[in-house]
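The values are calculated or read from the model by the stated rules, or taken from the named source; none is laboratory data. None of these values were measured; they are calculated from a predicted model. Positions of Cβ are backbone-derived with ideal geometry, glycine not excepted, and every protein chain shown enters the neighbour counts.
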Amino acid sequence: TRIAVLSSIVGLVSVADANGQNPVIRDQYTADPTARVFNGKVYLYPSHDILAPEGKGLRPDWFCMEDYHVFSSSDLVNWEDHGVIVSQYSAPWVDSNTYSMWAPDCVERDGKYYFYFPANRKPVEGANPRRGGFGIGVAIADAPEGPYVPQENPIEGIFGIDPSVLIDKDGQAYIYYSMGQIFVAKLKDNMVELASQPVAIENLPDKGLKEGPFVFERNGLYYLTFPHVENVTERLEYAIGESPEGPFRMAGVIMDESPTGCWTNHHSIMEYEGQWYLFYHHNDYSPNFDKNRSTRIDSLFFNPDGTIQKVVPTLR
Ligand code: FUB
């Protein structure tokens with residue numbers, strides 16, 4: 001489906017056919033893709049999976065990331081890599097032994113770009129001597145591709161992963177994140193401090209891990225979308241509410257579980273030039289190790305009542 005839409009956008013069937021296949025970033029592993037439109041271009045902020053250097057990382061055969069790249073594109077086919085924007089060595093609070101730069105997000109406010117990223121904190125005195133636990137940090141730039149300056153400390157009051165930030169129509173910003181379940185809190189206008197205590201979002205499935213929230217608004221409805229694992233691999237599901245903090249009601253499945261055993265899926269949803277897209281990941285380039293993943297894109301369609309049609313992955 002993505003190919004057909006891209007063809008109509010760029011007007012070049014052969015280019016889209018030749019180069020528009022998944023996965024879209026082909027020279028490195030990219031996971032947890034958050035796509036945003038800034039200044040008429042699409043910017044992609046994924047995690048950057050690598051193989052753990054000998055003896056490093058949170059645990060053997062686990063997710064391993066030491067930095068983030070940002071990519072941009074005008075046609076969703078050709079992507080420019082702007083290089084590393086934040087690393088575990090450049091964020092002062094991050095424990096650089098943990099290689100835990102997991103799923104990020106980026107939003108713009110008043111001409112500044114706020115890049116949110118989870119990572120393991122440096123151990124603090126009196127706590128687990130090996131690890132400080134996951135916090136969420138912010139790095140700020142004047143342009144989508146950086147340079148980004150990380151804050152000294154992670155956001156106070158958050159222990160969790162997978163940040164997603166929504167700036168509502170009235171200017172109030174919300175941060176969503178996960179730690180087994182999904183939480184929401186208001187952000188202050190400075191975008192780096194909480195303005196309310198995080199609360200767990202209710203009415204989501206009781207059983208199974210829920211993580212990777214991505215929230216967006218369309219026609220007055222707020223969509224809380226998230227990966228949920230009940231069996232072996234994650235399914236992309238969603239709930240709808242009338243306000244950013246809910247209440248939300250479960251509305252369905254966006255993408256079914258992977259039949260090929262990639263445990264995680266993690267996504268974002270974006271409208272670009274009149275078409276909605278689902279960005280997600282799969283282990284296309286690493287079929288035997290599902291912690292080295294690659295970004296895919298497929299078109300996404302809404303029904304007249306606002307529900308989302310299930311997306312069937314476009315394979316290579
Ligand atoms: O990429 C590391 C973790 O895997 C993310 O934080 C989760 O959402 C899952 O994709």
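For residues in the range 285-301 being within 15 Å of the ligand (Cβ to nearest atom) and not charged (D, E, K, R), which is nearest to Phe214 (Cα to Cα)? First the steps, then the outcome.
Filtering the range 285-301 down to residues within 15 Å of the ligand (Cβ to nearest atom) leaves 286, 289-296.
Subsequent filtering for residues that are not charged (D, E, K, R) retains 286, 289, 292, 294-295.
Working: Ser286: 25, Phe289: 25, Asn292: 21, Ser294: 18, Thr295: 16 Å.
Only one residue fits best here, namely Thr295.
Take the conditions touching a strand residue (DSSP E or B) at 6+ places or on another chain (Cβ under 9 Å), assigned to a loop (DSSP other than H, G, I, E, B), within 14 Å of the ligand (Cβ to nearest atom) and in contact (Cβ under 8 Å) with a residue 60 or more places away in the chain and apply them to Asn265. Does it pass? No, not satisfied.
Given the options Pro123, Pro147, Pro129, name the one that is modelled with pLDDT under 95 and loosely packed, with under 15 Cβ neighbours inside 10 Å. Walk me through it before giving the result.
Numbers: Pro123 fails: loosely packed, with under 15 Cβ neighbours inside 10 Å; Pro147 fails: modelled with pLDDT under 95.
Exactly one of Pro123, Pro147, Pro129 is modelled with pLDDT under 95 and loosely packed, with under 15 Cβ neighbours inside 10 Å, namely Pro129.
Taken over the range 232-243, the criterion of being assigned to a loop (DSSP other than H, G, I, E, B) and not β-branched (Val, Ile, Thr) is satisfied by Glu242, Ser243.
If you go through the range 52-84, how many residues are part of a loop (DSSP other than H, G, I, E, B) and among the aromatic types (Phe, Trp, Tyr)? Looking only at that region, the number is 3.
How many of the residues making up the range 161-180 are away from the ligand (no atom under 13 Å from the Cβ) and either closer than 20 Å to Asn120 by Cβ or among the charged types (D, E, K, R) (or both)? Break it down stepwise before answering.
Kept after step one, since they are away from the ligand (no atom under 13 Å from the Cβ), are these residues of the range 161-180: 165-175.
Filter once more, keeping what is either closer than 20 Å to Asn120 by Cβ or among the charged types (D, E, K, R) (or both): 168-170, 175.
The qualifying residues number 4.
Each residue in the range 272-316 was checked for being polar (S, T, N, Q) and in a strand (DSSP E or B), and 4 pass. Every condition in (1) in contact with a Lys or Arg (Cβ under 8 Å, 6 or more places away or on another chain); (2) crowded, with 23+ Cβ neighbours inside 10 Å; (3) more than 30 Å from Gln21 (Cα to Cα) is met by Leu76 except one, and the failing one is (3).
Each row is one residue, and each column tells you yes or no for (1) away from the ligand (no atom under 16 Å from the Cβ); (2) in contact with a Gly (Cβ under 8 Å, 6 or more places away or on another chain); (3) in a loop (DSSP other than H, G, I, E, B).
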| position | (1), (2), (3) |
| --- | --- |
| Val192 | yes, no, yes |
| Glu202 | yes, yes, yes |
| Val215 | no, no, no |
| Glu245 | yes, no, yes |
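The residues of the range 40-51 that are more than 16 Å from the ligand (Cβ to nearest atom) and part of a loop (DSSP other than H, G, I, E, B) amount to a single one, Gly40.
Looking at Val37, is it within 21 Å of Pro287 (Cα to Cα), more than 16 Å from the ligand (Cβ to nearest atom) and modelled with pLDDT of 95 or more? Working first, answer last.
On the way: within 21 Å of Pro287 (Cα to Cα): no; more than 16 Å from the ligand (Cβ to nearest atom): yes; modelled with pLDDT of 95 or more: yes.
No, not satisfied.
Go through the range 222-251 and report how many residues are hydrophobic (A, V, I, L, M, F, W, C) and either surrounded by fewer than 19 Cβ atoms within 10 Å (Cβ to Cβ) or on the phi > 0 side of the Ramachandran plot (or both).
Of the residues in the range 222-251, the ones hydrophobic (A, V, I, L, M, F, W, C) are 224, 226, 229, 232, 236, 239-240, 248, 250-251.
Next, from what is left, pick out any that are either surrounded by fewer than 19 Cβ atoms within 10 Å (Cβ to Cβ) or on the phi > 0 side of the Ramachandran plot (or both): 229, 232, 250.
Selection size over the range 222-251: 3.
Per the conditions (1) more than 16 Å from the ligand (Cβ to nearest atom); (2) under 17 Å from the mean Cα position of the chain (by Cα), the sole criterion not satisfied by His282 is (1). So for the range 151-158 (the condition being over 16 Å from the mean Cα position of the chain (by Cα), under 24 Å from Ala251 (Cα atoms) and either surrounded by fewer than 19 Cβ atoms within 10 Å (Cβ to Cβ) or modelled with pLDDT under 95 (or both)), does at least one residue qualify? The answer is no; no qualifying residue exists.
Being in a loop (DSSP other than H, G, I, E, B) and within 16 Å of the ligand (Cβ to nearest atom) is the filter here, so list the residues in the range 247-259 that pass it. Don't jump to the end; show me each part of the working.
Here is the first cut: in the range 247-259, the ones in a loop (DSSP other than H, G, I, E, B) are 247, 256-259.
Once the filter is applied, which keeps residues that are in a loop (DSSP other than H, G, I, E, B) and within 16 Å of the ligand (Cβ to nearest atom), the range 247-259 yields Glu257, Ser258.
Residues in the range 52-88 that are within 16 Å of the ligand (Cβ to nearest atom), more than 12 Å from Ser100 (Cα to Cα) and in contact (Cβ under 8 Å) with a residue 24 or more places away in the chain: 3 in all.
Among the listed residues Ala119, Ala103, Ala91, which satisfies the condition of being assigned to a loop (DSSP other than H, G, I, E, B), of a type in the set (Gly, Ala, Ser) and within 13 Å of the ligand (Cβ to nearest atom)? Lay out the reasoning, then the answer.
Numbers: Ala119 fails: assigned to a loop (DSSP other than H, G, I, E, B); Ala91 fails: within 13 Å of the ligand (Cβ to nearest atom).
Of Ala119, Ala103, Ala91, the one residue that is assigned to a loop (DSSP other than H, G, I, E, B), of a type in the set (Gly, Ala, Ser) and within 13 Å of the ligand (Cβ to nearest atom) is Ala103.
Please specify each residue of the range 181-190 satisfying the condition of being polar (S, T, N, Q) and within 15 Å of the ligand (Cβ to nearest atom). Matches in the range 181-190: Gln181 only.
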